[in-house]
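The values are calculated or read from the model by the stated rules, or taken from the named source; none is laboratory data. All values reported here derive from a predicted model rather than from experimental measurement. Every residue, glycine among them, receives a Cβ derived from its backbone with ideal geometry; neighbour counts consider all protein chains shown. With ligands, DNA and RNA removed, areas are computed over all heavy atoms of the protein, side chains included. Shrake-Rupley method; radii C 1.70, N 1.55, O 1.52, S 1.80 Å.
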Amino acid sequence: VEPAALFESRNGGETWELVRGLFDHSHRPRWVPGNGGLCLHTILPDPTNRERMYVALSAGGTYRTEDGGKSWRACNRGIRVEFMPEKYPEFGQCVHKVVMHPSRPDRLFLQHHWGLYRSDDAAETWKDIGNGVASDFGFAMVMHPRNPDCVYILPVESDEFRCTPEGRLRVYRTRNAGASWQALTRGLPQKGAYETILRDGMTSDSLDPLGIYFGTRSGQLYGSTDEGKTWKRILEGLPSIVCVKSATIGQPRAPRKPEANRKRTVASKRITRKRITAKTKIRRGGRK
Amino acid sequence: VSVTFHIPSVLRAYTDGRSQVEIAESPATVRDALHALWALYPGVRDRVASEEGQIRQHINVFVGNEDIRYTGGLATSVPESAVISILPAISGGQR
């Protein structure tokens, strides 16, 4: 929410209460708004520890609680800021997105206002992993649901020019936890495509192979049903897309094992299944 | 040298490409220091300050590590040998 705050419900959403431990934090008077306002945008509960949770806010940074929200500590060590004279402050980082893999909750990936980072120690320290991306500025970041080494991002050029670099629409993927990144472009426009993809503008489904979907501020929805290898434009002409969510309708058919005596053409026939696209949350004239 | 200004890359077109500008005078306040900077490089002025003389919305000015927003604005005092940084705010850029 804006201004940055966290609310808690203990009765399934009937009533909500402000988390005072964060709201009354001594850092709060020094948090400053980004382009989208002073917002708390990311909430990551640790699935293995009920008392631990991470939140991220712009700007602010990443904060962690170890006592169910009573107290919060800034966890931004190693994250460089370009917009302050002190380059490695305790807090004040403009974190754009943080993702976590449920099977390895001490590992986090983070997209900063300049800079891509990974932590392997529950956000105690962060390491720069922006190796070879077109720009390490951006907002959207998606974790592969089955592979804790695989993350998707969608870089934009800079804070001054918040569009895809060089007019090329490229999703980047790492499969080695940020040691290297690969540009995924097949089916995406590579000329004159000056698109903006917002913080919540990209998502995945839970199918195998994985589906990845993203929407642009120019109202186009793109998707891949093969882990990002190839892409298709699903829809255009929508209002500015601020958030994309996926839902699987019906049961996907399980892949059949090819029988030994089956002809090759039959065995390699594409398995059909129902795919998403269902829930595209759109807001007219929305800001980031 | 009394005061050193750090100039962000986007404004270096107006400071002959210089990333640092030194002011020989001893300005008492940030306002005085900025006036000395305008005198040397007039093109910086309109990019940093509004017509009313206030710091523009998406520009931050720091004395040392302190944002002048929290220390008295343009009336913030400037110690001897201070470093004043002009930086674009994260709230700026194209929407």
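Proximity of backbone amide H atoms, modeled 1.01 Å from N, is registered between A:Leu184 and A:Val171, A:Tyr172, A:Arg173 at under 5 Å, excluding neighbours fewer than 5 places apart on the same chain. Partners of A:Lys245 within straight-line reach, counting aspartates and glutamates whose Cα lies under 12 Å from its Cα and excluding those fewer than 8 residues away in the same chain: A:Asp200, A:Asp205. Every Cα-Cα pair of chain B was included, and the share exceeding 22 Å stands at 19 percent.
Phi-derived couplings, Karplus 6.51 cos²θ - 1.76 cosθ + 1.60 at θ = phi - 60°, listed residue by residue for region B:53-70: x, 8, 5, 4, 4, 9, 10, 10, 10, 10, 9, x, 9, 9, 5, 5, 4, 9 Hz, with x used for Gly and Pro. Under 10 Å, Cα contacts only: if you run a Gaussian network model on chain A, which one of A:Ile234, A:Ile79, A:Ile212 comes out with the highest mean-square fluctuation? Among A:Ile234, A:Ile79, A:Ile212, the largest mean-square fluctuation in the Gaussian network model of chain A belongs to A:Ile234. Based on a Kirkwood Rh over C-alpha pairs, give the Stokes-Einstein translational diffusion coefficient of region A:104-240 at 25 °C and viscosity 0.890 mPa s in µm²/s. This corresponds to a translational diffusion coefficient of 164 µm²/s. DSSP finds beta bridges in chain B, and of those with both partners inside it, around 75 percent are antiparallel. By the rule of a C-alpha distance below 12 Å, with chain neighbours fewer than 8 residues away ignored, the aspartates and glutamates paired with A:Lys70 are A:Glu8, A:Asp24, A:Glu51.
In the structure shown, the pairs A:Lys97/A:Lys229; A:Lys191/A:Lys229; A:Lys87/A:Lys232 are assessed against 29 Å; a Cα-Cα span above that value is assigned to A:Lys87/A:Lys232. Using the Cβ of A:His113 as centre and a radius below 9 Å, the other residues enclosed give a net charge of -2, where K and R count +1 and D and E count -1.
Each of A:Phe23 and B:Gln20 was given a label point 7 Å from its Cα along the Cα-to-Cβ line. The distance between the two points is 4.6 nm. Charged neighbours of A:Ile212, selected by a Cβ distance under 11 Å, balance to -1 (K, R count +1; D, E count -1).
Here chain A is treated with +1 on each Lys and Arg Cβ and -1 on each Asp and Glu Cβ, and its dipole about the Cα centre works out to around 1780 debye. Only Cα pairs within less than 10 Å get springs; with that Gaussian network setup on chain A, which residue of A:Ala59, A:Ala140, A:Ala179 has the largest fluctuation? It is A:Ala179. Using the Cβ atoms and a cut-off under 14 Å, what net charge is assigned to the surroundings of B:Ala24, where Lys and Arg are +1 and Asp and Glu are -1? Combined, the nearby Lys, Arg, Asp and Glu give -4.
When the Cα gyration tensor is reduced to axis lengths a ≥ b ≥ c, the ratio a/c is 1.5 or higher for region A:1-118, and with a/b not above b/c it is classed as oblate. What shape does region A:52-133 have by the C-alpha gyration tensor, where a ≥ b ≥ c are the square roots of the eigenvalues, rounded means a/c under 1.5, and otherwise prolate means a/b greater than b/c and oblate the rest? Oblate shape, in that a/c is at least 1.5 and b/c is the bigger or equal ratio. The helix-based estimate of mean residue ellipticity at 222 nm for chain A, built from -39,500 (n - 2.57) per DSSP H run of four or more residues and divided by its residue count, is -500 deg cm²/dmol to the nearest 500.
Taking θ as phi - 60° and the Karplus parameters 6.51, -1.76 and 1.60, the scalar couplings of region A:122-133 work out to 6, 6, 5, 9, 10, 10, 5, 10, x, 8, x, 8 Hz in sequence order, x denoting glycine and proline. Summarising the amide proton neighbourhood of A:Ile234: residues at separation of 5 or more, or on other chains, whose placed amide H is nearer than 5 Å comprise A:Leu221, A:Tyr222, A:Gly223.
Build a GNM of chain A with springs between Cα atoms under 10 Å apart, and of A:Met202, A:Met53, A:Met84 the one that fluctuates most is A:Met84.
Across the protein assembly as shown, the fraction of Cα-Cα pairs farther apart than 36 Å, rounded to a whole number, is 32%. For the protein assembly as shown, the per residue solvent-accessible surface stands at 50 Å², with DNA, RNA and ligands left out and a 1.4 Å probe.
With each label modelled as a point 7 angstrom along the Cα→C-beta vector, the A:Arg104-A:Glu8 pair spans 3.0 nm.
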